[in-house]
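Peer 1: One structure coming up, written as structure tokens, with questions to follow.
The values are calculated or read from the model by the stated rules, or taken from the named source; none is laboratory data. Owing to the predicted nature of the structure, the values given are computational and were not obtained by experimental measurement. Here the Cβ positions follow ideal geometry from the backbone for every residue, glycine too, while neighbour counts run over all protein chains shown. All accessible areas refer to the heavy atoms of the entire protein, side chains included, with ligands and DNA or RNA removed. Shrake-Rupley method; radii C 1.70, N 1.55, O 1.52, S 1.80 Å.
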Amino acid sequence: MNTNHFIHKDHSQTAVIKRLTECKSGEEITVVSVNIGHKQKRRLANLGIVPGVKVKKKNCAPFRGPQQILVRGTCLVLGRGIASRIFVKCANECPPY
Amino acid sequence: MSCHGTKNKSRKKVETKNTINIALAGNPNVGKSVIFNQLTGLSQTIGNWPGKTVEKMEGHLDFHGFHFNIVDLPGIYSLSTYSLEEIVSREYIVSDDVDLIINVIDATNLERNLFFTFQLLELEVPMILAINQMDLLRKRNIELNFRELVKIFKLPVLPVVAVHGTGVHKLLEKAIEIVVYQHYKFPNLTSILAFGKEVEDKVNNLTKYLLENACGSNQINYPPRFMAIKLLEGDPEIEKRIEGIEKYPNIIERINQFRHELEELHGEDINTIISSEIYNNIHSILDRVVEIRNKKHRKKYNISDVFDHLTSHSVWGYVILILVIACVYIFTFSIGGFFGELIDEVFIAWSEQIYLIFGEENIWIQIFWNGGMAGLFGAITGVLLYVIPFFFVIEILQDSGYLPRAAFLLDKFMHYIGVHGKTIIPMVLGFGCNVPACAGCRIMETQREKKISIAMTSIIPCAAVMTVVLGLVGRYLGLGWVLFLFAINFSVIILVGRILNKVMPGECTELIMEMHEYRLPNHKVIFKQTWMRTKEFIFKALPLIVVLGIILEIMLIFDLLSPLNTILAPITVIWLGLPAVTGVFLIYGILRKELTLVLLEILAFSLGLTIVDLLNPIQMITFCMVTMLYVPCFATIVVIAKQTSWKYAAQICFLEIGIALLIGGIFHFASVAIINFL
């Protein structure tokens, strides 16, 4: 349940920062920043989507639909517009927050 | 008041009589309503929060000589201002009506649940933590250290298994101990909830400032520390309240300065800083509390995961979605149709008896039997019998966790219309009956979304409209014209969605939704929820329908409707090109849409003609078009008003009448012009 075990291997390697929508299903990633309006940003923060949190992309609906992610032990569905403004990098390459 | 909120409250309770007021609070889907049902059984009421359109669930019970009032608060994730539910909840908790909060927590999802617990603690109201689903956690070989939890939160922490009712009454015993015997000292919050040094300093500074300056101001019930945190976060509600008070000179500047300093320091937005710190706190708590007994134990690949995978699959998901919708229809219509026919037969038999005894010409019989009772039976066979099975299957889908999957799959499509995926749920229901569909719009989070979905749902062609269209245009003009009518109807739905999206302030919010694991629906909850919804319909909508039926019958008897025909003639005859009699039929159609066709047939029959003699093809299509679009039926209007306001219901009616007349008139004149030209 408590999955706060960050694996840090190589910090010098520059991590590729990409949008959540660009990740593949099943990829484990770390949130880097959330570039979104104040109100929705607060909502996401309350749900635990803050920089440094480890998430796993689960699935994505067809026709460029919403994204399913696993975060803090539960599955969240995020609309495409929100997901494309969440920037992430590969979980293994990131130092703990 | 503000600074002594809690203390005043507890002092008042020393002389507490026998009544204990409890608020059940927690995230969505943690088993709150199951606990609520276990405690209060059938003595529940659904109402609205005063002045708000948020549903209020209230129940009562007597236990150990005390009377308990229990309010089931809406399931929410935080106490900010994201939705109306959040504002209603926090205002209610700090009001004098609450003696104690029971915070229901899902043991299998402690992380997010405890975030809400932290927020509740800031409200400084006595609280019990009820950890639900302990059985599931133990199945995964995980144990919680309750002694440690009590030590950390300095609150009573009790395990419960809500579905079996285990531990539920212990909660009440604890509540009596706390509220009546005062075996409770409110913990020192800073020892539990302390933020990092920088944030904590600012919060303390603000709290002190509020304490020094705010004593005696009665307008604010919130504890100063909660206010300080929310002000830092830029909570618009609290800022508004504080701005009017002269005792806080320059407070807004001070807050802005603090916020700016913190954001500068952390390089993040203030909400992110505060939320991260709370989640970090939770992490360290979980490290102390969670004991994994067998680390090698892996969760087995269970049925829930298989279902989850299939129902959100990009091909099978849609196949299953269509199957599920088909099943909902078949179930609802076979049950509703079967019992409807039975009841119709009973009603006809009774009518014959009544006519035999009192005579058909008796004016009172006409008013009360033909008007009131016929309206009542009509509402039962035409609406209620479909509403009950509908609510029932929808509760099953909701409780099992299927509906969010449908919203996930259809989100993209719905965005073209300007709403997000969740709207599909009420809209699908609308094809059966608009009444439960509009009631189902309550699931939309924001008022804006709710209003738009209600407007769109109310134009979906329901079963009654389909009868009219198929019985008139389908029968005499063929299927092509039926499809033409439906195409127009759907264009209007999309048009209305787009118009409202432009007109209403605010922007289309995107989907942020938790997808719960599948679970076996709890029969008690389903039956009770179905009954509660049905009860609401029976007591709120049915009486109105009966009264309206009586009024219409009186108007018919005293021939008050023919003047109406004359009044409506400019619209019906000149603009729409319909025979004058249809004016009354369209008015009757507000009561039940299929009445327009039924009355037309009766008229034709009594004149010894067929409908073809009464209406030419263009008139048929115009008539159907207007019937489809002109106004939601009366039961739907009542539900819309209950969900939003009478003003909004009236606005929808006017909008739809306008659209119906516009399209009907254009069609009439265009087709006449084309025929003349040919």
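Peer 1: Please determine, by comparing only the residues of region B:528-544 that are open to solvent by less than 40 Å² (accessible area, probe 1.4 Å) and assigned to a helix (DSSP H, G or I), which one is nearest to the other protein chains (Cβ to nearest Cβ).
Peer 2: Per the stated criteria, the residue is B:Gln529.
Peer 1: Moving on to the next point. Checking the condition assigned to a helix (DSSP H, G or I) and under 22 Å from the mean Cα position of the chain (by Cα), which residue from B:Val547, B:Val573, B:Val525 passes?
Peer 2: B:Val525
Peer 1: Which of (1) in contact (Cβ under 8 Å) with a residue 24 or more places away in the chain; (2) surrounded by 14 or more Cβ atoms within 10 Å (Cβ to Cβ); (3) assigned to a helix (DSSP H, G or I) is the odd one out, the single condition B:Val612 does not satisfy?
Peer 2: Evaluating B:Val612 over (1) in contact (Cβ under 8 Å) with a residue 24 or more places away in the chain; (2) surrounded by 14 or more Cβ atoms within 10 Å (Cβ to Cβ); (3) assigned to a helix (DSSP H, G or I) leaves (2) as the failure.
Peer 1: While we're on this one: Hey, can you tell me all the residues within region A:45-54 that are within 16 Å of A:Gly79 (Cα to Cα) and either more than 7 Å from chain B (Cβ to nearest Cβ) or open to solvent by 60 Å² or more (accessible area, probe 1.4 Å) (or both)?
Peer 2: A:Ile49
Peer 1: Check whether at least one residue in region B:399-408 is farther than 25 Å from B:Phe558 by Cβ, more than 14 Å from chain A (Cβ to nearest Cβ) and not hydroxyl-bearing (Ser, Thr, Tyr), and report yes or no.
Peer 2: Of the residues in region B:399-408, the ones farther than 25 Å from B:Phe558 by Cβ are B:399-408.
Next, from what is left, pick out any that are more than 14 Å from chain A (Cβ to nearest Cβ): B:399-400.
Filter again for not hydroxyl-bearing (Ser, Thr, Tyr), leaving B:399.
Checked region B:399-408: at least one residue is farther than 25 Å from B:Phe558 by Cβ, more than 14 Å from chain A (Cβ to nearest Cβ) and not hydroxyl-bearing (Ser, Thr, Tyr).
Peer 1: Checking the conditions here, which among B:Lys412, B:Lys422 is farther than 17 Å from B:Met620 by Cα, within 14 Å of chain A (Cβ to nearest Cβ) and free of Cβ contacts under 8 Å to residues at least 40 places away in the same chain?
Peer 2: Details: B:Lys422 fails: free of Cβ contacts under 8 Å to residues at least 40 places away in the same chain.
Only one candidate passes the filter, namely B:Lys412.
Peer 1: In contact (Cβ under 8 Å) with a residue 60 or more places away in the chain, farther than 30 Å from B:Asn302 by Cβ and among the hydrophobic types (A, V, I, L, M, F, W, C): does that describe B:Leu171?
Peer 2: On the way: in contact (Cβ under 8 Å) with a residue 60 or more places away in the chain: yes; farther than 30 Å from B:Asn302 by Cβ: no; among the hydrophobic types (A, V, I, L, M, F, W, C): yes.
It is false that B:Leu171 is in contact (Cβ under 8 Å) with a residue 60 or more places away in the chain, farther than 30 Å from B:Asn302 by Cβ and among the hydrophobic types (A, V, I, L, M, F, W, C).
Peer 1: So is A:Lys18 touching a residue at least 24 places away in the same chain (Cβ under 8 Å), open to solvent by 10 Å² or more (accessible area, probe 1.4 Å), under 23 Å from B:Thr117 (Cβ atoms) and more than 7 Å from chain B (Cβ to nearest Cβ) or not?
Peer 2: On the way: touching a residue at least 24 places away in the same chain (Cβ under 8 Å): yes; open to solvent by 10 Å² or more (accessible area, probe 1.4 Å): yes; under 23 Å from B:Thr117 (Cβ atoms): no; more than 7 Å from chain B (Cβ to nearest Cβ): yes.
Considered against the rule, which asks whether it is touching a residue at least 24 places away in the same chain (Cβ under 8 Å), open to solvent by 10 Å² or more (accessible area, probe 1.4 Å), under 23 Å from B:Thr117 (Cβ atoms) and more than 7 Å from chain B (Cβ to nearest Cβ), A:Lys18 comes out as no.
Peer 1: Of all residues in region B:268-293 being more than 7 Å from chain A (Cβ to nearest Cβ), assigned to a helix (DSSP H, G or I) and of a type in the set (D, E, K, R), which is least open to solvent (accessible area, probe 1.4 Å)?
Peer 2: B:Glu277
Peer 1: Next question. If you go through region A:55-89, how many residues are in contact (Cβ under 8 Å) with a residue 40 or more places away in the chain, over 19 Å from B:Gly421 (Cβ atoms) and open to solvent by 10 Å² or more (accessible area, probe 1.4 Å)?
Peer 2: Initially, region A:55-89 is screened for residues in contact (Cβ under 8 Å) with a residue 40 or more places away in the chain, giving A:67, A:69, A:73, A:78, A:80, A:82-89.
Retained after the next criterion (residues that are over 19 Å from B:Gly421 (Cβ atoms)): A:73, A:87-89.
Subsequent filtering for residues that are open to solvent by 10 Å² or more (accessible area, probe 1.4 Å) retains A:73, A:87, A:89.
Count: 3.
Peer 1: Sticking with this structure for a sec: Would region B:428-440 turn up any residue that is buried (at least 20 other Cβ atoms within 10 Å of the Cβ) and modelled with pLDDT of 85 or more?
Peer 2: Of all residues in region B:428-440, those buried (at least 20 other Cβ atoms within 10 Å of the Cβ) come to B:428-430, B:432-440.
This time we only want the ones that are modelled with pLDDT of 85 or more, so: B:438.
There is at least one residue in region B:428-440 that is buried (at least 20 other Cβ atoms within 10 Å of the Cβ) and modelled with pLDDT of 85 or more.
Peer 1: Now, a different point. For the subset of region B:500-517 comprising residues that are more than 11 Å from chain A (Cβ to nearest Cβ) and in contact (Cβ under 8 Å) with a residue 24 or more places away in the chain, which member is surrounded by the fewest Cβ atoms within 10 Å (Cβ to Cβ)? First the steps, then the outcome.
Peer 2: Here is the first cut: in region B:500-517, the residues more than 11 Å from chain A (Cβ to nearest Cβ) are B:500-505.
After this cut, where a residue has to be in contact (Cβ under 8 Å) with a residue 24 or more places away in the chain as well, the list is B:500-501, B:504-505.
Details: B:Leu500: 21, B:Asn501: 16, B:Met504: 15, B:Pro505: 5.
Here the answer is B:Pro505.
Peer 1: Then there's this: Consider B:Gly549 carefully, then state whether it is out of contact with any Pro (no Cβ under 8 Å at 6 or more places or on another chain), buried (at least 19 other Cβ atoms within 10 Å of the Cβ) and closer than 28 Å to B:Ala641 by Cβ. Before you say what the answer is, go through the steps one by one.
Peer 2: Values: out of contact with any Pro (no Cβ under 8 Å at 6 or more places or on another chain): yes; buried (at least 19 other Cβ atoms within 10 Å of the Cβ): yes; closer than 28 Å to B:Ala641 by Cβ: yes.
So B:Gly549 passes the test.
Peer 1: For B:Glu143, which of the numbered conditions (1) touching a residue at least 60 places away in the same chain (Cβ under 8 Å); (2) surrounded by fewer than 20 Cβ atoms within 10 Å (Cβ to Cβ); (3) in a helix (DSSP H, G or I); (4) within 13 Å of chain A (Cβ to nearest Cβ) fails to hold?
Peer 2: (3)
Peer 1: Across region B:99-128, what is the number of residues that are more than 24 Å from the chain's Cα centre (by Cα) and either part of a loop (DSSP other than H, G, I, E, B) or more than 14 Å from chain A (Cβ to nearest Cβ) (or both)?
Peer 2: 10
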